[in-house]
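Since the structure comes first, as structure tokens, the remarks are kept for the end.
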Amino acid sequence: MRRTLFALVVAGVTLVSFSSSDGADPRDVVTPELHKRVQTEGRARVIVQLRLPGGPHVSEGHLASPAAAARQRADIATVQTRLMGRLAATSHRLFHRHRTVPLLTLEIGPAALAELAAESLYVEKIVEDGLSAPALAQSVPLAQAQPAWTGGFDGTGWMVAVLDTGVDATHPFIAAKVVEAACYSSTVKHVSVTLCPNGQEQQTGPGAGVNCSIDTCWHGTHVAGISAGNGAGAAVPFSGVAPGAKIMAIQVFSRFDKPTDCGGSAP
């Protein structure tokens, strides 16, 4: 079976810890910044991290059996249903009920935020579902890859999933590297437009993970090269961190045309 290494190589990704603790102070569930934004603007899009009655969340790949995974999914669904019941009389909009991770993605007003914050037995944390722009902060020299290559670890037999702005599979530095592809991008009215080649919010298969047409969409190809580029194929004296690996290209960005959403010039 091909081993797959999932590398979150997009800067600005928030890693959420699913650890749980008892007796959380409701004031700790919501940051002051998020509370102020909801009160000032009247609403915000948020991700609600849940507490599960069966204990801390465990990635399904680390659970002992399919039955254990089913029990955990049932826990997630139960808590989601309870919280949605609490919100019935408030201003809110459900975007997604996650099945395998203890999260709810919502748009909420002040009353809904207060209800969720008060339900600290089942709510670990509420964070803003904010925007993350692509940026590059590190490169191959910082990874100190050469000692790994000397030890025979060059990525052969592995696949690196690059969740970014898409990958130009024709680039000589990564020629014949992209063997899996997908796109997950959002169209939200008056806010964003999907960048999937088929115009939908999801696409899988050949060509699905291609780099988009916006100027900054070189970033995913750059990261793919840093991850698994092969200098021999491009006639350059350097390679990526794992030159023997294959690439799974997943385009996860959406197009925003408001300068206020883009921190300056758009898109």
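Bear in mind these aren't lab numbers, they're just calculated from the coordinates by the rules spelled out. Just so you know, these numbers come straight off a predicted model, no measurement behind them. Note that we place each Cβ from the backbone using ideal geometry, even for glycine, and neighbour counts take in every protein chain shown.
Looking at the calculated P(r) for the range 47-177, what percent of the C-alpha pair distances fall above 26 Å?
Summing the P(r) tail past 26 Å for the range 47-177 gives 49 percent.
Using a 4.7 Å Cβ cut-off, which Cys residues in the chain lack a partner cysteine?
When partners are defined as cysteine Cβ atoms under 4.7 Å apart, the chain leaves CYS262 without one.
Normalising by the residue count of the chain, find the relative contact order in percent from Cα pairs under 8 Å and 6+ residues apart.
Values: 526 pairs, mean separation 58.1, N = 267.
So the answer I get is 22 percent.
DSSP loop trypsin sites (Lys or Arg not before Pro) in the range 122-206 with at most 13 other Cβ atoms within 10 Å of their Cβ, which ones?
Details: sites: LYS125, LYS177, LYS189; in loops: LYS177, LYS189.
Listed in order of number, the matching sites are LYS189.
Hey, if you put +1 on the Cβ of every Lys and Arg and -1 on every Asp and Glu Cβ in the range 57-166, which of GLY157, GLN144, ALA89 ends up farthest toward the positive end of that dipole?
ALA89
Looking at the chain, send over the antiparallel percent of its DSSP beta bridges, to the nearest 5. List each step's numbers first, then the result.
On the way: 23 of 40 bridges.
Of the beta bridges lying entirely in the chain, close to 60 percent run antiparallel.
At SER59 and THR156, where each label point lies 7 Å from the Cα along Cα→Cβ, what is the point-to-point distance in nanometres?
Output for this residue pair reads 2.6 nm.
Over all directions, how big on average is the projection of the convex hull of the alpha-carbon atoms in the chain, in square nanometres?
On the way: hull surface 66.6 nm².
Taking the Cα atoms of the chain, their convex hull projects to 16.7 nm² on average.
At q = 0.09 Å⁻¹, work out log10 I(q)/I(0) for the range 134-262 with the Debye formula, treating every Cα as an identical point scatterer and leaving solvent out; two decimals please.
With no solvent term, the Cα-only Debye profile gives -0.27.
Kindly list the residues of the range 146-184 that lie in the label zone of THR216, defined by a backbone N under 12 Å from the point 7 Å along the Cα-to-C-beta vector.
Only 165 pass the distance filter.
I want to verify a result. In a Gaussian network model of the chain, Cα cutoff 10 Å, which of these has the top mean-square fluctuation: GLY109, GLY42, GLY151?
Evaluated over the chain, the most mobile residue of the options is GLY151.
Pull up the DSSP beta bridges for the range 134-262 and report the antiparallel fraction as a percent, rounded to 5. If you can, show how the numbers build up before the last one.
Details: 7 of 18 bridges.
So the antiparallel bridges in the range 134-262 amount to around 40 percent.
Between ALA176 and CYS262, what is the spin-label point distance in nm, taking each point 7 Å from the Cα along the Cα→C-beta axis?
Between ALA176 and CYS262, the simple spin-label model gives 3.8 nm.
Can you count the Lys pairs in the chain with C-alpha separation below 24 Å, eight or more apart or on different chains? Spell out each step's value before the answer.
Numbers: LYS36/LYS125; LYS36/LYS258; LYS177/LYS246; LYS189/LYS258.
Close lysine pairs found across the chain: 4.
Enumerate the amide H contacts of VAL123 below 5 Å, restricted to partners 5 or more residues apart or on another chain; note that Pro and chain-start residues carry no placed amide H.
ARG51
Would you please give the FRET efficiency between LYS36 and VAL191, computed as 1/(1 + (r/R0)^6) with r the Cβ-Cβ distance and R0 = 35 Å, to the nearest 0.05?
Values: r = 21 Å, r/R0 = 0.61.
Given R0 = 35 Å and the Cβ-Cβ separation, E is 0.95.
Considering amide H positions built from the backbone, and no H for Pro or chain starts, which residues 5 or more places from VAL46, or on another chain, come under 5 Å of its amide H?
LEU106, GLU107, ILE108, ASP129
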